[in-house]
Each structure stands twice: as structure tokens, then as C-alpha cells.
């Protein structure tokens, strides 16, 4: 698959600090106990995967990658002398990053709390929506799903695929994203759901795995597919939306409210 074949353009889903917080949560470590070497390696793996998928990245991601590599290089330098105990944390090259993460997490948690309160408040008063001039539903932004979990799942699929396949034979299977979109729509009936890994069972090359994943992202942007994850960092299920069933469900909900 050539790099110019398909360019993924997403309204920026998350920022570099979100990715770092995600990696910290995945490793189940305290923010103040992060390993710069480990988190830099994981962060760069994500950046490389974004590049592999030809996903446009905001410049902030590249700046953070450079900052992490700088911090990593500082941690590898020998200390000529130990600082006094009261200045030890200021001498720690991680500390400015840790401060940013702690402050950002505070704002992120507060925003999540306010959003949840708003949802709860909306449910206090039942009302019938005015559907006379209701605009056409826009595709759900990719920010509504955890893109980092999807990338992690894709990395695992790609790693297992490379470990279990012999690339000695070159197969001419030049699929396009449009081909795979058509394939996925034909494979999934409306309302049907499958495990994420099942999407790639028929793939025979690394390129086909990549194109299949890009097709899935495009279908999610078009609001044709939705992703579900019942537990944090748990398995991912892909479901094709069923507009008819959703319409009946919405009508029933309106009927109950009135």
C-alpha cells in the first residue's frame, strides 16, 4: 500500500497529554512514578503506528515526542553530584512533565464530572423533541470512541499477524479502502456485532490488515459502525448500526416520555 493511496484525516480526537495519561493508566502506575524510558518507547510506538496508517498528526504530538526523547537523554546522563534532598524533585528531569500531566488530569476529570452532571440534569425533565425541522444526523466524530484503545488493539493484531505469517511469498492482493468498506458492509448485517480481531481473519498480508483497519475507521466516521468496550482496556466489539431498530427504539422512548 503506497503512502499516497489513502490519507486519514480525523478531527483531532485527543492530544499528546491524553495519550500519555492513557499509557500511564494502561500500565497501572502512579503519574509520579512514570518511567521516562518506558513511556517514551510506548509513545513512539503509537506515533509510528499513526504514520503507518497515514494518519495526519497535529504538530503537538511531534513536539511531545521530541520532548520525551530529550527527557530520556537527560535521565541517561550521569550525575556529577547528588542534589540536596529538598531540591531532588526539582532536579528530576521528569518533574515538569509530571506537573503538566497532574494539572491536565485535574481539568479532564472536572470536565468529565460536569458532562456527567449535564447528562443527569437532562434526564430530569421529559420532553418531546420537535422533529419537524430536525437536521440530518451528522457522522459521529471519532473522538467519541477511544482511538488509543483502537490503535492498541490494531497493534496487537498486526504483531500476532506478523508472528504467524511467512512473508516469503509475495501475494498480489492490492485492496483499496473502498474495497474493504464494501466488504465489511457485506459481511455485517445491520445490528450484527463481532469481536475486533474477527475483522482480520481473512487477511493474508500486512497491507490487507492495514487497509481493513482504515476501512473500519472510515465506516465509524460515517456513523455506520460503532465500537463498544465494556471494561477499561477490555476487548473491543465492532457493531454495524441498525437505523431501523434505533428509530423504533427512539419512538418508543418518546412514547414513554409523553
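No lab work stands behind these numbers, since they all come straight from the coordinates. Note that the coordinates shown come from a computational prediction; the quantities given were computed from them, not determined experimentally. Cβ coordinates were reconstructed from backbone atoms using ideal geometry, including for glycine residues, and neighbour counts include every protein chain displayed.
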Check your understanding: Highest mean first, what order results for 40-50, 186-196 on Cβ atoms within 10 Å?
Key -> 40-50, 186-196
Point to revise | Cα centroid of the stretch 13-28 to Cα centroid of the stretch 172-230, whole Å | key: 25
**Study point:** Inter-label distance, nm, simple model (7 Å from Cα along the C-beta direction), residue 69/residue 164
**Key:** 3.4
**Study point:** Distance in nm between pseudo-label sites at residue 108 and residue 44 (7 Å out along the Cβ direction from Cα)
**Key:** 2.2
Check your understanding: Could the peptides 149-161, 97-109 be put in order, highest first, of the mean number of other beta-carbon atoms found within 10 Å of their residues?
Key -> 149-161, 97-109
Practice item. Order by neighbour count: 182, 218, fewest other Cβ atoms within 10 Å first, most last. Key: 182, 218
